[in-house]
Amino acid sequence: MIKIAPSVLSADFGALGEEIAKVEPEADLLHVDVMDGHFVPNLTIGPLVVEAIHRRTRLPLDVHLMIQNPERYVSAFARAGATYLTVHAEVCPHLHRTIQQIREAGVKPGVALNPSTSLHTVEEILDQVELILILSVNPGFGGQSFIPFVLKKIEEMARRLRRVEPRPELEVDGGIKIENCRVVAGAGATILVAGSAIFGASDPRSAIVKMREQVA
Ligand code: DX5
Ligand code: ZN
């Protein structure tokens, strides 16, 4: 069963509680994008808002850290209620240590890779993580188009993860729409993140239902 994780980045931040309530009955996880204006050009939210979201929903929080020096903020996001905490391999010279730190904080560790980052970067730590996140856009903004070459990368990662026990989730993030979710799921994704395709729809809940029909 494919899991669907709406990304709150495309929600109306002035009415975040109501926006989350719209997707809650159908979503499996809530994807929360944290950006620092350094690793990516955009600035978004921090632990305070994650904590506020946590108080409003029973959905597990899938926190995607697009920040430099993520190890400085692990305990803050753990306290804020993150279920998964995903760091970017590109900014973690001591990735193994950072993963251990996340686990020790009682959170499920994930590692994300930008479109141009090789799968080799995470080869040695596949059995240490709960989730691998493949970016299918260059991170920083919602509403971008899926980069086609990433599809092969998803297929290859799925192949490698089949040999790992217990098998981490394979999450894909960026440019996922009702029209292309079937092919992304077919490539081996187990969690689909979608921001604009869900919160940009007139009925976010039915957008999830339509996505689920596509991947069933
Ligand atoms: C991109 C973020 C995504 C974003 C996806 O930097 O990591 O989670 O919200 O948005 P869509 O689905 O609109 O491409
Ligand atoms: Zn994300």
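The values are calculated or read from the model by the stated rules, or taken from the named source; none is laboratory data. Values in this document were obtained by computation on a predicted structure and should not be read as measured data. Note that we place each Cβ from the backbone using ideal geometry, even for glycine, and neighbour counts take in every protein chain shown. Surface areas here come from the heavy atoms of the whole protein model, side chains and all, with no ligands, DNA or RNA. Shrake-Rupley method; radii C 1.70, N 1.55, O 1.52, S 1.80 Å.
A few notes on this one:
- Glu90 being out of contact with any helix residue (DSSP H, G or I) (no Cβ under 6 Å at 6 or more places or on another chain) and more than 16 Å from ligand 1 (Cβ to nearest atom): no
- Looking only at residues in the range 17-30 that are surrounded by 14 or more Cβ atoms within 10 Å (Cβ to Cβ) and in contact with a helix residue (DSSP H, G or I) (Cβ under 7 Å, 6 or more places away or on another chain), the one that is nearest to Ala112 (Cα to Cα) is Leu30.
- When restricted to residues that are more than 8 Å from ligand 1 (Cβ to nearest atom), within 16 Å of the chain's Cα centre (by Cα) and hydrophobic (A, V, I, L, M, F, W, C), the range 113-145 contains 6.
- Per the listing Val40, Val34, the residue uniquely in a strand (DSSP E or B), within 16 Å of ligand 1 (Cβ to nearest atom) and either open to solvent by 60 Å² or more (accessible area, probe 1.4 Å) or among the β-branched types (Val, Ile, Thr) (or both) is Val34.
- Residue match in the range 77-85 (condition: assigned to a helix (DSSP H, G or I), open to solvent by 40 Å² or more (accessible area, probe 1.4 Å) and touching a strand residue (DSSP E or B) at 6+ places or on another chain (Cβ under 7 Å)): no
- Taken over the range 175-195, the criterion of being within 12 Å of ligand 2 (Cβ to nearest atom) and either of a type in the set (D, E, K, R) or more than 22 Å from Leu126 (Cα to Cα) (or both) is satisfied by Gly175, Ile176, Ala194, Gly195.
- Looking only at the range 127-139, residues that are within 16 Å of ligand 2 (Cβ to nearest atom) and surrounded by fewer than 19 Cβ atoms within 10 Å (Cβ to Cβ) come to 1 in all.
- When Glu124, Glu169 are checked against the criterion of being open to solvent by less than 40 Å² (accessible area, probe 1.4 Å) and either touching a Gly at 6+ places or on another chain (Cβ under 7 Å) or not aliphatic (A, V, I, L, M) (or both), a single residue qualifies: Glu169.
- Only one of Val74, Val8 that is of a type outside the set (S, T, N, Q) and more than 23 Å from Asp203 (Cα to Cα): Val74
- Condition check for Gly106: modelled with pLDDT of 95 or more, within 16 Å of ligand 1 (Cβ to nearest atom) and open to solvent by 40 Å² or more (accessible area, probe 1.4 Å): no
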